[in-house]
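Asker: To start, I am sharing the structure in question, which I have written as structure tokens.
Here, each number is a calculation from the coordinates, and none is a lab measurement. Every value quoted in this text rests on a predicted model; they were computed, and no experiment measured them. No Cβ is skipped: glycine too gets one built from the backbone with ideal geometry, and neighbour counts run over all protein chains shown.
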């Protein structure tokens, strides 16, 4: 699983990425501060299961914080996209190609309207952020269209003349788009496109591109800079205009400030929570005290969180519908090194007990006998559909 962070330059995209990952990235107030894609590790939060068994987990990766276990996911921040990116403007082709591997996209926009369509700073409220949503949709749709269109005439004639399975051939030809044969089959059927590819018009290809893009690169919108003037009103307009989109107001700067203060031991902050606890007030200068007060009063109390954790959690659990599953034993929750519930795996939707066995290790999958639900202590079969926060023991041939 790979989550892509996209958007115009200068909307706080790199700040958002750093707030997610605490990676050392350049944050600058000018377009194209990011040239090569940055990759880092963010964490989704999962309600802890260890307390149900009266133990404290020792995660091999990730960490515990408050009531939650934070499980790592890979995130990629690509350079800012500008209008005409699909035509190569602003190194757009390179940046779009960086997104091929992403399973879901987080589109960071400046909800305050202080960044114009080219990614340049403008007075707050002078740019309409609704244009940014439309702009990125168009860029991505045109990117897919160009990939489909390139060599289409020759390809469609060959498939038609050789009487080959059109869907199978399209899926093979355009496998780089991340769509499966079933994806193509569903889209072509729903669009009622002819089985004879040579009959397709440009408009048909455009519809196919747009529908495929939405299926293979779903977008969640992170409406950043929510604490600035005009932001709340713009957020309401955005949600009203794009009812089918998931739009979450957030403040990447506030999240980053809280995480860094937590790291320095100045506050205790659980990412995604609605408040924090000051630990060493005497170590805070007046500027820091003022900033923390602003975050608490104008962001956390008002919106319930900074929104950043909510965005990444929504991307993984709501959009991609992944679930968190823990390996454990009915009689023993520790591994060979004494670590308690050391692992937590993020599994795709409809994963079975056998899928989980293979996720742990190929040999465990190959020697699978049965599995046990550690909570109920009841055996489950290989076809058992896993649920979020299941704790599962895998029994194998000896």
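Asker: With both partners inside region 323-396, how many of the DSSP beta bridges are antiparallel, as a percent to the nearest 5?
Answerer: 80 percent
Asker: Tell me the Kirkwood radius of region 142-216: reciprocal of the mean inverse pair distance over distinct alpha-carbon atoms, in Å.
Answerer: 12.2 Å
Asker: What value, in deg cm²/dmol to 500, does the helix sum -39500 (n - 2.57) over DSSP H runs of n ≥ 4 give at 222 nm once divided by the residues of the chain?
Answerer: -10000 deg cm²/dmol
Asker: Round to a whole angstrom and tell me the spacing of the C-alpha centers of region 1-23 and region 378-398.
Answerer: Cα centres, region 1-23 to region 378-398: 36 Å.
Asker: Could I ask something else about it? Can you sort 198, 211, 306 from fewest to most other Cβ atoms within 10 Å of each residue's own Cβ?
Answerer: 198, 211, 306
Asker: Suppose the chain between residue 376 and residue 335 were pulled fully straight at 0.36 nm per residue; how much longer would it get relative to their current alpha carbon spacing?
Answerer: Contour length minus the Cα-Cα distance gives 12.7 nm.
Asker: Now for a different question. Provide the gained length on full extension for the span residue 263 to residue 289, in nm with one decimal, where the gain is 0.36 nm per separating residue minus the Cα-Cα distance.
Answerer: 7.7 nm
Asker: Now for a different question. Please work out which option in (1) 0.92; (2) 0.98; (3) 1.11 gives Cα Rg over 2.2 N^0.38 Å calculated from these coordinates, and answer with its label.
Answerer: (3)
Asker: Can you give me the C-alpha center-to-center distance between region 101-173 and region 304-363, rounded to a whole angstrom?
Answerer: When both Cα centres are located, 32 Å separates them.
Asker: Follow-up question, since we're still on this one. Please report, largest first and rounded to whole Å, the three semi-axes of the ellipsoid equivalent to region 205-350, where each semi-axis is the square root of five times an eigenvalue of the C-alpha gyration tensor.
Answerer: Working from the Cα gyration tensor, I get semi-axes of 31, 30, 10 Å.
Asker: How do the peptides 309-320, 38-49 rank, highest first, by the average count of neighbouring beta carbon atoms within 10 Å per residue?
Answerer: Per-residue Cβ counts within 10 Å, averaged per peptide and sorted highest first, yield 309-320, 38-49.
Asker: In addition: For the chain, what proportion of DSSP beta bridges, expressed in % and rounded to the nearest 5, is antiparallel?
Answerer: Just about 60 percent of them are antiparallel.
Asker: Please report Rg (one decimal) and Dmax (integer) in Å for the Cα set of region 323-396.
Answerer: For region 323-396, the Cα radius of gyration and maximum Cα-Cα distance read 11.1, 31 Å.
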